[in-house]
1. On the basis of being out of contact with any strand residue (DSSP E or B) (no Cβ under 9 Å at 6 or more places or on another chain) and among the acidic types (Asp, Glu), does Asp133 make the cut?
2. Taking the criterion of being more than 30 Å from Asp260 (Cα to Cα) and open to solvent by less than 60 Å² (accessible area, probe 1.4 Å), would at least one residue in region 313-328 satisfy it?
3. In this structure, is Leu452 part of a loop (DSSP other than H, G, I, E, B) and within 20 Å of Pro425 (Cα to Cα)?
4. Counting only residues that are in a loop (DSSP other than H, G, I, E, B) and among the small types (Gly, Ala, Ser), which one in region 471-484 is modelled with the highest pLDDT?
5. From Leu111, Leu27, which residue is open to solvent by less than 10 Å² (accessible area, probe 1.4 Å), assigned to a loop (DSSP other than H, G, I, E, B), touching a helix residue (DSSP H, G or I) at 6+ places or on another chain (Cβ under 7 Å) and at pLDDT 95 or above?
6. Considering only residues of region 419-458 that are at pLDDT 90 or above and open to solvent by 50 Å² or more (accessible area, probe 1.4 Å), which is farthest from Val501 (Cα to Cα)?
7. Scan region 302-312 residue by residue and report those that are open to solvent by less than 50 Å² (accessible area, probe 1.4 Å) and within 12 Å of Met270 (Cβ to Cβ).
Amino acid sequence: MSTQILKGLRVLDLSRMLSGPYCTMHLADHGAEVIKIEAGTGDTSRGNGPFRDDDPDHNWAGYFVSLNRGKKSIQLDLKSDGGKNQFRALAATADVIVENFRPGVMDRLGLSYETLAKLNPRIVYAAIRGFGDPRTGTSPYAHWPSYDVVAQAMGGLMSITGPNADSPTKTGPGVGDIFTGMMMAFGIMAALREAEATGKGQFVDVAMYDAMISLCERMVYLHDYTDKVPGPEGNGHPFLSPFGLYPAADGHVALGIVDDAFWRRLTELMGKPALGTDPRFASRSARAAHAGEVDRLVSGWFSKLSKAELTKTLGGEVPFGPLNTIQDIARDPHIEARKMLTQVHGPDAETRPWTVAANPLRFGAHGHGALNPPPALGADNDVLETLTPTSSPMAPETKRTLRDAFGRFATGVTVVTTRQSDGTPRGFTANSFSSVSLDPPLLLVCIGKAALSCDTFATCDHFTVNILADDQKEVSGLFASQSPEKFNSVKWHPNAQDMPVIDGALASFGCAQHRLVDAGDHLILIGRVLDFETSDGDPLGYYKGAYFDLGLDRAVTEAATKGDVTIAAVLAHEGGLLLKEEADGSVTLPSASSTQALLKALGDELMKAELTQLYAVYQVTETGAQRIVYHARVQGDADTGLTFFSLDILPLSRVSDDAERSLLRRYAQEHRHGTFGIYQGTEVEGVVHRLSGNHKYHI
């Protein structure tokens, strides 16, 4: 059973045999792109067998097939300069590296975590060792080789497993490897979560020895509490009874009685209800004190019945289950219902499918598909051909071009588009987007979780961010609706990724999905920019529930602002400002009830005013009145009531309005830097959006 829940995650798997491949198998089962890096004859497990009769060339060992389904394979000689360079290029594109060499192997190759992290600071480097890595604590056994049996022995598992102290027993499956691999899978996901939040990866390691101590946690606290050295308990339990394996007429069954209520129910089903209230057995502690007698009573009754008879009587009544072989498991209806034995098809049609244990994880929000086949050795070497453009640093000119493109749109209405799996175009209106990074080039948009298209965008491979021009209000309204005819009502064309681009949009950014981040009632969709195009014009703006442009469309601005509105202007004049001086000596910006009235008041035979751009839009909190402030250039002599002030000696102490005082202080600062912005908010708090010139780029 597989999902795509980890889609977009690239994992470089240098591990061999069991622990590392088992770890990365779980990542691959759930959608991660796991690339095995192999040299020579590949992963040791390819030759370990067993092999089926229909595989005379011994290409597909069961050991390898079971652990490496759904992965890719690339052959690289990491001892050669070319192989090292190709691996470094791969690492620059990866999220995770997993290896289980002995300490120092990768360091000697020049491929240590520290070296690779310089190329890719976000990388999570996961190392599985027998006795850990010196980076996190140097063991005296650090350079000892280790396999599962060594870990089980040294970690204490074998000391508490078996019929008695004279017969320590290894567990059947390779728990020393498998449990360590699962611990590392958790470590990887935890480190990835921090990397997503901080942009910084890290080194993560698990020692097989340490993992076994964690697995055997019971022996640790028992020794602390009782000062005894726990030993093998056979198939029983040190302080619970009846608990363990008991003989049936045709095999064995398992029973686990902890609660007293289950004990009473068992005695009723055995036809001996008096034992349920017998003081020797009625409580958990009493049964532990008389465990030998309890086990004799239970065994005596169980041994007279078959597993099927016991299952019919006890199944669902008390914690009980038959001891199953793989043949029993294959016939069990639970296995069919849960699809826990599944088939993996070979990489070619001639290979008969293999039966393997399915992934036990189930995610309610995701469909579970078939597992993908294991890779032939070197089957995906063509991945290496894609590395040059991906791993090359962005050229300085390209970076400047992209920075300009991001910076041009201080605010604006955005239509985000994609296609669903059947090719149907989907899109929604967003009121802004934001750049996150230039190298790699990343931007983000927010999607409401309640939006109909949320699931489509959450699972898409590519999407496009379209910045609408100031004459595309109807397009914005259309994509803000739930109309199924959106793409039939607007002209659009596909880009290089076959994603919809809205005709007439001021800019479009074609993106590959990079990350999806939860943000309360929204999802943050982060895309890696693959190409973009911009054209001349002004973006469509949106403020306080209404549209406005960022250019000189004053009629639209006035129409977009309802209620009590005042229009004011910052009047630039010969390197200074013209301000209105009141009779009481206070200073304020010239203002009027409309743009036309303001221009009329400023225009006479001696002075001409020209509004050049919107400078501020804000609301007065107490009254709800709105203020729209333009930047204007004034030529000629000052009109009556207007006084010239140099920017170096603006009379800020005489400006009675706090918002105007802050605005004038900002203007003086921006004038010195040669960049102006648009303020939006209230008279006490808001955002200044930077603007720049109009250019056309295409990458």
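The values are calculated or read from the model by the stated rules, or taken from the named source; none is laboratory data. Keep in mind that this is a model prediction, so the values were computed, not measured. With ideal geometry, Cβ positions are generated from the backbone for all residues, glycine too; neighbour counts draw on all protein chains shown. Areas reflect the complete protein model, heavy atoms only, side chains present, ligands, DNA and RNA absent. Shrake-Rupley method; radii C 1.70, N 1.55, O 1.52, S 1.80 Å.
1. No, not satisfied.
2. We begin by selecting, within region 313-328, every residue more than 30 Å from Asp260 (Cα to Cα); these are 325-328.
Next, from what is left, pick out any that are open to solvent by less than 60 Å² (accessible area, probe 1.4 Å): 328.
Checked against the condition, which is being more than 30 Å from Asp260 (Cα to Cα) and open to solvent by less than 60 Å² (accessible area, probe 1.4 Å), region 313-328 yields at least one hit.
3. Numbers: part of a loop (DSSP other than H, G, I, E, B): yes; within 20 Å of Pro425 (Cα to Cα): yes.
When the stated conditions are applied, Leu452 passes them.
4. So the first thing to find is which residues in region 471-484 are in a loop (DSSP other than H, G, I, E, B), and the list is 471-472, 481-484.
Those still in the list that are among the small types (Gly, Ala, Ser) too: 481, 483.
On the way: Ser481: 85, Ser483: 81.
Among those that are in a loop (DSSP other than H, G, I, E, B) and among the small types (Gly, Ala, Ser), it is Ser481.
5. Values: Leu27 fails: assigned to a loop (DSSP other than H, G, I, E, B).
The conditions single out Leu111.
6. Of everything passing the filter in region 419-458, Asp422 is farthest from Val501 (Cα to Cα).
7. Phe302, Leu305, Leu310
Residue-by-condition table, conditions (1) closer than 24 Å to Arg16 by Cβ; (2) in contact with a Leu (Cβ under 9 Å, 6 or more places away or on another chain):
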| site | (1), (2) |
| --- | --- |
| Leu111 | yes, yes |
| Leu116 | yes, no |
| Asn120 | yes, no |
| Phe131 | yes, no |
| Pro140 | no, no |
| Thr161 | no, no |
